[in-house]
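Below is one structure, written out as structure tokens, with a few remarks after it.
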Amino acid sequence: MAWHPIFKRRRRKKGIEDERTLGEIYLLHFDRPYKHARHYMGWALIAADRIAEHRNGNGSNLMAVLKTIGIGFQIAWIKPGTRLDERKLKNRGGSARQCPICLQKEDNNAHTGIDC
Ligand SMILES: [Zn+2]
């Protein structure tokens, strides 16, 4: 009764990778917000490969939705790390403050005096 398909899927994650496997953490910045989401942070052994999947609407439910409704995204950054590191970054919150694209926009707004 406590069984839920998502548990099974998580535990069955393919391959040898676990939360300490060194891969790449990436942050994607959406061209426009989807509901309250402006970013997607993920982890993959090879981020570029996973991001290519995302561009085709694969690899994540959220990214599939974005593809369907036609929201594009840019890569804010890719850096080496483990799933544990990814979780720490996510727990820290405030993706916008970790996103150079957002920070740059803020900067431009400050210079031009645009309020938003
Ligand atoms: Zn951003």
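The values are calculated or read from the model by the stated rules, or taken from the named source; none is laboratory data. Predicted, not measured: the structure shown is a model, and the values here were computed from it. Every residue, glycine as well, gets a Cβ built from its backbone with ideal geometry; the counts of neighbours run over all protein chains shown.
Observations, loosely collected:
- Residue within the range 12-24 that is modelled with pLDDT of 90 or more and either within 16 Å of the ligand (Cβ to nearest atom) or assigned to a helix (DSSP H, G or I) (or both) present: no
- Filter result for residue 58 (surrounded by fewer than 16 Cβ atoms within 10 Å (Cβ to Cβ), away from the ligand (no atom under 16 Å from the Cβ), without any contact (Cβ under 8 Å) to a residue 60 or more places away in the chain and in a helix (DSSP H, G or I)): no
- Test: residue in the range 27-43 that is away from the ligand (no atom under 16 Å from the Cβ), at pLDDT 95 or above and not in a strand (DSSP E or B): no
- Filter pass, residue 103 being more than 14 Å from the chain's Cα centre (by Cα) and within 15 Å of the ligand (Cβ to nearest atom): yes
- The set of residues in the range 44-55 that are in contact (Cβ under 8 Å) with a residue 12 or more places away in the chain, exposed (fewer than 13 other Cβ atoms within 10 Å of the Cβ) and either among the small types (Gly, Ala, Ser) or in contact with a Lys or Arg (Cβ under 9 Å, 6 or more places away or on another chain) (or both) contains only 48.
- Test: residue in the range 73-83 that is of a type outside the set (D, E, K, R), surrounded by fewer than 14 Cβ atoms within 10 Å (Cβ to Cβ) and in a helix (DSSP H, G or I): no
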